[in-house]
Amino acid sequence: MSDLNNIVLKILDRGKGILAADESTGTMTKRLDGVNVPSTPENRLLFRETLFSAANMTECIGGVILYDETIKQQTSKKNTIPELISKMGSTPGIKVDTGAKILAGSPNEKITEGLDGLRERLKEYYKLGARFTKWRGVYIIANDYPSKLSIHSNAHALARYSALVQECNMVPIVEPEVLMDGGHSAEECYKKTSEVIKKCFDELILHKVDLKGIILKPNMILAGNKSKDKILNEEVAKLTLKCLKNSVPEEVPGIAFLSGGQSEVEATENLNLINKYNDTGFIMSYSYGRALQQSALKFWSKNIKDIDGTQKIFNHRAKMNTLAAQGKWSKDLEC
Ligand code: 13P
């Protein structure tokens, strides 16, 4: 087994998932503004350190995705953040893209940037303790979108990124996110997501990326958030499995879903059903941002000194998702 494959299997071991705490300063500021907490480096660190030192990190969270600011910060006990995460038995990771910008040639769509100078940045992050990375491509569904141009250019960037990351002995998370914004049907989401993922793998193979050493981070197959035709969670799970079975090569060891705007319990319930019906060889886990942090952030914003209370809420969500990643969750555990 390769070193990269070992890292993947360690991160996703026995229902463990990933905490996506890599919100850029701009996004984190929006989240903190939303709960009336000033977005200072100290407050961003305080909230994140509270989560990273929670008890269930050890049993449930196999990896934490950090933002550039956080990976360079020190904890209240004067450890680096990667040291804290490793001490908790988890693996530090880092977002390395520099954001989605307007795509020249199709200005309603986005292309993710960050390839220039990436090799040098990766070396620095490795030295700081990172062992895996994230890059997110983003796609919209509307009449003619995502366009061939967006599907092609984002897949190309994801593949060039992945090849550089593996060259630097880290595991790339490949995240092609088809957004849930809009009035489209789940069937439409299924079709577009399948096309997007297939193109990503064409490019990953062209760029000689070792597929055993990546984690795919896709969206689940959902109807758009403005669609009138919502589908049952059972159907979400079955369509998601069908899509991944048909578009992901068998060598890929693990898939970790993004939550993408689903509520906390919805994201857990859908992951549980995916695992209940999982007839693929893939590990199916989570790499949630909002669906792991929302309630904890809300509580913390009103009780900024209550570390235990905040951690209790985070511990619960982490535990629920780890049960769901093994198909062992049920609604009554939420009470
Ligand atoms: P959400 O789970 O909030 O969608 O965030 C996951 C993520 O990392 C998006 O890039």
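Here are the numbers for the structure shown:
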item: Two-decimal Rg to Rh for the stretch 293-335 - Kirkwood Rh, Cα set; result: 1.06
item: Rg(Cα)/(2.2 N^0.38 Å) for the stretch 1-100, N = residue count; result: 1.11
item: Residue-normalised accessible area of the stretch 1-88, expressed per residue, 1.4 Å probe, Å²; result: 43 Å²
item: Ratio Rg/Rh, restricted to the stretch 239-335 and using Cα atoms, in which Rh is the Kirkwood radius; result: 1.05
item: Members of 245/276; 77/312; 148/199; 72/127; 245/328; 191/245 lying beyond 18 Å, as alpha-carbon distances in this model show; result: 77/312; 245/328
item: For residue 98, residues with placed amide H under 5 Å, excluding near neighbours; result: 113, 114
item: Distant alpha-carbon pairs in the stretch 177-278 (separation over 23 angstrom), percent; result: 23 percent
item: Rounded FRET efficiency, nearest 0.05, which uses the C-beta distance separating residue 333 from residue 102 and R0 of 51 Å; result: 0.70
item: Under-5 Å amide H pairs with residue 137, H placed in peptide plane, nonlocal only; result: 175, 177
item: Per residue accessible area of the stretch 109-171, 1.4 Å probe, in Å²; result: 44 Å²
item: Histogram of C-alpha separations across the chain, 10 Å bin width, %; result: 6, 27, 37, 25, 5, 0
item: Separation of alpha-carbon centers, the stretch 25-56 and the stretch 252-270, rounded to whole Å; result: 22 Å
item: Fully extended contour minus Cα-Cα distance, from residue 59 to residue 36, at 0.36 nm per residue; result: 5.1 nm
item: Rounded to whole Hz, the Karplus (6.51, -1.76, 1.60) HN-Hα couplings of the stretch 249-262, x for glycine and proline; result: x, 5, 5, 5, x, x, 10, 10, 6, 8, 8, x, x, 5
item: Packing-based ranking, highest mean first, of 206-219, 234-247 given that Cβ atoms within 10 Å are counted; result: 206-219, 234-247
item: Amide H partners (placed H, <5 Å) of residue 66, local residues excluded; result: 93, 94, 95
item: The stretch 190-299 - accessible surface per residue (Å², probe 1.4 Å); result: 40 Å²
item: Alpha-carbon centroids, the stretch 214-249 and the stretch 116-130: separation in whole Å; result: 33 Å
item: Radius of gyration and Dmax over the Cα atoms of the stretch 195-249, both given in Å; result: 13.8, 42
item: Approximate spin-label separation residue 251-residue 295, in nm, with each point projected 7 Å along Cα-to-Cβ; result: 4.1 nm
item: Sum of -39500 (n - 2.57) over DSSP H runs of 4+, divided by residues of the chain (222 nm, nearest 500); result: -14500 deg cm²/dmol
item: Principal axis dimensions, largest first and in whole angstrom, of the stretch 74-138 by Cα; result: 49, 21, 19
item: Solvent-accessible area, 1.4 Å probe, carbon plus sulfur percent, for the chain; result: 52 percent
item: Residue with peak Gaussian network fluctuation, the chain [Cα springs, cutoff 10 Å], from 273, 232, 122; result: 232
item: Square roots of 5 times each gyration tensor eigenvalue, C-alpha, the stretch 56-190, largest first, Å; result: 32, 18, 12
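The values are calculated or read from the model by the stated rules, or taken from the named source; none is laboratory data. For clarity, every value in this text was computed on a predicted model and none was experimentally measured. Every residue, glycine as well, gets a Cβ built from its backbone with ideal geometry; the counts of neighbours run over all protein chains shown. We work out accessible area using only protein heavy atoms, side chains counted, and drop any ligands, DNA or RNA first. Shrake-Rupley method; radii C 1.70, N 1.55, O 1.52, S 1.80 Å.
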